[in-house]
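Here's the structure, in structure tokens; my notes come after.
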Amino acid sequence: MLQVVVIGAGQAGLSAAYHLQRQGLRPDRDFAVLDANEGPGGAWRHRWDSLTFGTAHNIHDLPAMELGTPDPSEPASSVVTRYYRSYEQEFGLKVRRPVRVEKVEGNEGALTVHTDSGTLRTRLLINATGTWDRPYWPHYPGRSLFRGRQLHTHDFVSAEEFRDKSVVVVGAGTSAVQFLLQLADVGATTTWVTRRPPLFTDRTFDSEWGRDVERKVHERTKAGLPPSSVVSVTGLPLTDQYQAGIDAGILRSKGPLKRITETGIELDDGTTVLVDAILWATGFRAALDHLKPLKLREPGGGIRMDGVRVLKDERVLLVGYGASASTLGATRAGRAAAVQAVRQLNSLNQPETLAG
């Protein structure tokens, strides 16, 4: 039986694995890291090429290895994939991939992790699956009737596909803003729709801001409520590029979407727009379906947390969820989960498993 299974090898999972090793557990003997991807990079390996390192935000260092200063014009997917691969090799983390976890079941003695390549038994689980595999598609009347193209952030490849097309972008987050600017650059006619007016802020995005964001998100998860979207807490940074987009009329929301027709959309104010495509930049939800057998959710729909511990089953530690969904938060949460895991293992009187 393993002492810990880590599901996911993104920022949170790699941070947790590093700190488990620092605490004396041995990779592939005391703990295993499982990743569904074909190679390193986590969710970043799936991002579109036009999302360069210079335009991406919240790419933070992993423990004990600095990212450095890559070429800002290089795709962020390439930068992060290379960085994570070097990290796994440097610390010998022995990530098992591609391994997809299908479900996790528990009894009083252990947790059983069912995967597409076999079954593992473990005392503790650190879940670091993030959100990329759970794109959120909100319901609007008529969505199934639309004859044009619909895609989600998850499926975006290049703005070039929409050259000279008419595109509606739905969502008020950073991805929506970046899509609108890229689409305008290739001659697309864009319409931006948001449920609420976009919140641009000139606040400095520093460590104090980060702690404030985490505190607000943590209040919801501690109460057993689903985490709110990041942009609802942070707002959008008012950069020079974004200000230019506002001045040009590109980054001006037309207000809420009322319904979708066969050929376009109707806005809340009754205005109709004919469009070729709808791009849903509507965010993601935590990818936790494999944990359903453990019945961790509260009546409010969320998972009640104390730090990284799940209160309904303290053998499960969640990182990259709620307040730790950002890469900075995920790095810190990975350490917290590793420390908590070793503390719990020690309480089970298993000192022989923790020898270096």
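Note down the relative contact order for the chain as a percent, whole number, built from C-alpha pairs under 8 angstrom at least six residues apart.
Relative contact order for the chain comes out at 24 percent.
Simple spin-label model, 7 Å along Cα-to-Cβ: residue 150 to residue 114 in nm?
That separation, rounded to one decimal, is 3.1 nm.
Place the peptides 13-24, 77-88 in order of packing, highest mean first, counting for every residue the other Cβ atoms within 10 Å and averaging per peptide. Write out the running numbers ahead of the final one.
On the way: 13-24: 25.0, 77-88: 19.9.
Packing order, densest peptide first, comes out as 13-24, 77-88.
Whole-Hz Karplus ³J(HN,Hα) for the stretch 260-274, in order, using 6.51 cos²θ - 1.76 cosθ + 1.60 and θ = phi - 60°, x for Gly and Pro?
Those phi angles translate into 10, 10, 5, 10, x, 9, 10, 7, 4, 8, x, 5, 10, 9, 7 Hz.
Evaluate E = 1/(1 + (r/R0)^6) for residue 1 and residue 73, where r is the Cβ-Cβ distance and R0 equals 56 Å; express this FRET efficiency to the nearest 0.05. All intermediate terms of the calculation are to be shown ahead of the outcome.
Numbers: r = 48 Å, r/R0 = 0.86.
Here the calculated transfer efficiency is 0.70.
Efficiency by 1/(1 + (r/R0)^6): what FRET value for residue 243 and residue 29, r their Cβ-Cβ distance, R0 = 56 Å, to the nearest 0.05?
0.55
Tell me the label-point distance for the pair residue 160, residue 195, using the 7 Å Cα-to-Cβ offset, in nm and rounded to one decimal.
Going from the residue 160 label point to the residue 195 one covers 3.5 nm.
Considering lysine pairs in the chain that are 8 or more places apart or on different chains, how many have Cα atoms under 14 Å apart?
Numbers: 103/292; 103/295; 222/312; 292/312; 295/312.
Value for the chain: 5.
Report the gain in length on full extension from residue 64 to residue 343: 0.36 nm times residue separation, minus Cα-Cα distance, nm rounded to one decimal. Kindly include the intermediate steps, with their values, before the conclusion.
Values: separation 279, 0.36 × 279 = 100.44 nm, distance 2.21 nm.
Net length gain for the segment: 98.2 nm.
Just the number, please: percent antiparallel of the DSSP beta bridges in the chain, rounded to the nearest 5.
On the way: 22 of 51 bridges.
For the chain, the DSSP antiparallel bridge percentage is about 45.
Of 334, 178, 237, which is farthest on the positive side of the dipole of the chain, counting Cα position, with +1 on Lys and Arg Cβ, -1 on Asp and Glu Cβ, and the Cα centre as origin?
334
Sort the following peptides by mean Cβ neighbour count (other Cβ atoms within 10 Å, averaged over residues), highest first: 236-248, 256-268.
Working: 236-248: 14.1, 256-268: 16.8.
Per-residue Cβ counts within 10 Å, averaged per peptide and sorted highest first, yield 256-268, 236-248.
At residue 89 and residue 292, where each label point lies 7 Å from the Cα along Cα→Cβ, what is the point-to-point distance in nanometres?
About 4.0 nm, to one decimal.
For the chain, what does -39500 (n - 2.57) per DSSP helix run (n ≥ 4), summed and divided by total residues, give at 222 nm, in deg cm²/dmol to the nearest 500?
Numbers: 7 runs with 89 residues, N = 356.
Result for the chain, helices only: -8000 deg cm²/dmol.
Using Cα extents along the principal axes in Å as the read-out, say which of [x] 165, 47, 38; [y] 82, 51, 39; [z] 68, 45, 39 was calculated from these coordinates.
Working out Cα extents along the principal axes in Å from the coordinates points to [z].
Starting from a Cα-only point model with no solvent, please compute log10 I(q)/I(0) by Debye for the stretch 44-138 at q = 0.19, 0.25 1/Å.
Taken in order of the listed q values, log10 I(q)/I(0) reads -1.07, -1.29.
Please name which of 302, 347, 193 has its Cα lying farthest along the dipole of the chain towards the positive end, using unit charges on Cβ (Lys, Arg +1; Asp, Glu -1) and the Cα centre as origin.
Value: 347.
Every number here is computed from the coordinates shown, using simple stated rules; none is lab data. In this text the structure is predicted, and so the values were computed from the model without any measurement. With ideal geometry, Cβ positions are generated from the backbone for all residues, glycine too; neighbour counts draw on all protein chains shown.
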